[in-house]
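Read the structure below first, then the notes.
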């Protein structure tokens with residue numbers, strides 16, 4: 001009898017794959033019944049047959065791909081009672097992976113390989129669902145255009161940030177008082193899904209007019225921006241008898257990318273309706289500046305992102321929500337362009353002046369701000385040769401999106417996809433505090449303003 005069972009199982013394994021996929025549960029039940037009949041065993045009960053069923057494969061609420069408006073991604077399965085487990089690092093999910101409980105804002109999941117499996121006792125595990133979502137950078141907020149001297153000009157046809165205004169529109173809800181803890185005010189960023197404490201630490205109230213903003217270090221001590229018993233972000237998780245500030249217990253210091261997302265490059269301030277009476281000073285991020293030990297990034301009141309020694313005292317604004325860690329997910333299109341699967345943008349692989357080959361050999365040709373605008377808007381009109389794209393000079397948030405803050409020598413783009421990346425570059429965004437300057441970046445320091453007549457490396461962008 002044992003050889004007969006082995007033969008039947010062998011037949012089952014080698015049956016037509018497509019038919020097996022379409023009728024998996026039915027086939028297994030039929031084979032089981034036939035095998036037991038030949039062995040003189042009565043037909044199995046419905047409970048036994050049910051134990052051979054396969055859990056339905058999970059589905060996303062929206063198809064994987066590019067979205068240019070805010071989305072929340074949910075995962076469901078049609079099998080009642082099944083639990084869904086997921087990973088975001090490309091590994092296969094198992095029952096030991098994260099349990100899915102709530103939707104993902106697309107901003108926090110973009111670029112990550114989201115995989116999910118549904119599991120239920122006495123059932124075969126579902127197939128694995130997999131997908132990557134893309135979400136463009138946020139708009140900078142700039143709507144005006146200026147020439148090299150800082151004179152206001154018409155935006156039409158300039159290719160400046162104020163002309164194109166690319167990206168996802170920002171919007172906020174709040175300050176909103178919690179229904180139970182009515183003195184707790186939060187502001188929700190609708191474009192990212194993050195929830196912020198409406199006031200910097202130390203200030204309270206619907207208009208953040210009560211109290212005084214506190215400055216803390218970021219050095220890991222018991223009195224720093226994270227750990228201070230009263231003003232540290234962790235302290236918010238223990239308020240309201242342990243229920244957390246505004247009923248949330250996931251408060252933390254924001255990453256550099258999260259904190260920068262609040263900056264408006266059109267007004268040199270954050271939104272004062274959503275964040276009333278903002279403090280005009282430096283705010284700490286949780287992102288370490290790995291090029292220099294003991295330093296971290298902070299955001300200045302004029303939106304400059306720069307590194308400071310961790311023992312420096314700066315203001316603190318706390319956030320709650322899934323942490324937005326830098327995800328680098330690129331595809332080399334083998335035509336002189338690189339696709340960023342996180343943002344959906346397509347980048348020029350080699351900077352202006354470099355040879356368009358696999359190593360981007362040669363030196364980059366630096367150009368002034370006007371040179372860069374002209375090169376991206378009109379000169380670079382034959383790349384790729386097979387299907388030329390519409391290129392432009394990137395804005396400040398777009399260029400920031402390919403920087404890699406996990407690197408220890410410079411935070412330029414991934415050298416596996418952007419080889420021989422030298423220096424940094426300027427962007428199409430004018431510095432609204434100094435109109436004859438634009439924003440620029442040096443890959444060994446950070447963001448600041450530089451005169452438009454200065455020369456820097458140039459790398460163009462297209463799409464999405």
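The values are calculated or read from the model by the stated rules, or taken from the named source; none is laboratory data. All of these numbers come straight from a predicted model, not from anything done at the bench. For neighbour counting, all protein chains shown are included, and Cβ atoms are generated from backbone atoms with ideal geometry for every residue, glycine included.
Scanning region 338-367 for residues that are outside any loop (DSSP other than H, G, I, E, B) and in contact (Cβ under 8 Å) with a residue 24 or more places away in the chain turns up 338, 340, 346, 347, 348, 367. The single condition among (1) surrounded by 21 or more Cβ atoms within 10 Å (Cβ to Cβ); (2) assigned by TED's automatic domain parsing to the domain that holds residue 373 that residue 114 does not meet is (2).
The set of residues in region 190-202 that are crowded, with 23+ Cβ neighbours inside 10 Å and either at pLDDT below 95 or within 14 Å of the chain's Cα centre (by Cα) (or both) contains only 192.
The rows are residues; the columns are (1) in contact with a helix residue (DSSP H, G or I) (Cβ under 7 Å, 6 or more places away or on another chain); (2) at pLDDT below 95.
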{"site": "16", "(1), (2)": "no, yes"}
{"site": "20", "(1), (2)": "yes, yes"}
{"site": "65", "(1), (2)": "no, no"}
{"site": "91", "(1), (2)": "no, no"}
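For the condition part of a loop (DSSP other than H, G, I, E, B), touching a strand residue (DSSP E or B) at 6+ places or on another chain (Cβ under 9 Å) and modelled with pLDDT of 95 or more, what is the one hit in 225, 235, 179, 229? Walk me through it before giving the result.
Values: 235 fails: part of a loop (DSSP other than H, G, I, E, B); 179 fails: touching a strand residue (DSSP E or B) at 6+ places or on another chain (Cβ under 9 Å); 229 fails: touching a strand residue (DSSP E or B) at 6+ places or on another chain (Cβ under 9 Å).
Exactly one of 225, 235, 179, 229 is part of a loop (DSSP other than H, G, I, E, B), touching a strand residue (DSSP E or B) at 6+ places or on another chain (Cβ under 9 Å) and modelled with pLDDT of 95 or more, namely 225.
Looking only at residues in region 245-265 that are touching a strand residue (DSSP E or B) at 6+ places or on another chain (Cβ under 7 Å) and in a loop (DSSP other than H, G, I, E, B), the one that is surrounded by the most Cβ atoms within 10 Å (Cβ to Cβ) is 254.
Restricting to region 54-100, name every residue that is in a strand (DSSP E or B) and more than 23 Å from the chain's Cα centre (by Cα). Correct list: 54, 83.
Return the residues of region 251-287 that are without any contact (Cβ under 8 Å) to a residue 24 or more places away in the chain and farther than 16 Å from residue 187 by Cα; say none if nothing qualifies.
Answer for region 251-287, where residues must be without any contact (Cβ under 8 Å) to a residue 24 or more places away in the chain and farther than 16 Å from residue 187 by Cα: just 280.
Flag not set for residue 227, criterion: in the same structural domain as residue 274 (by TED's automatic domain parsing) and either more than 19 Å from residue 295 (Cβ to Cβ) or out of contact with any helix residue (DSSP H, G or I) (no Cβ under 7 Å at 6 or more places or on another chain) (or both). Counting just the residues of region 148-162 that are in contact (Cβ under 8 Å) with a residue 60 or more places away in the chain and surrounded by 13 or more Cβ atoms within 10 Å (Cβ to Cβ), which one comes out nearest to the chain's Cα centre (by Cα)? Once the filter is applied, the top-ranked residue is 161.
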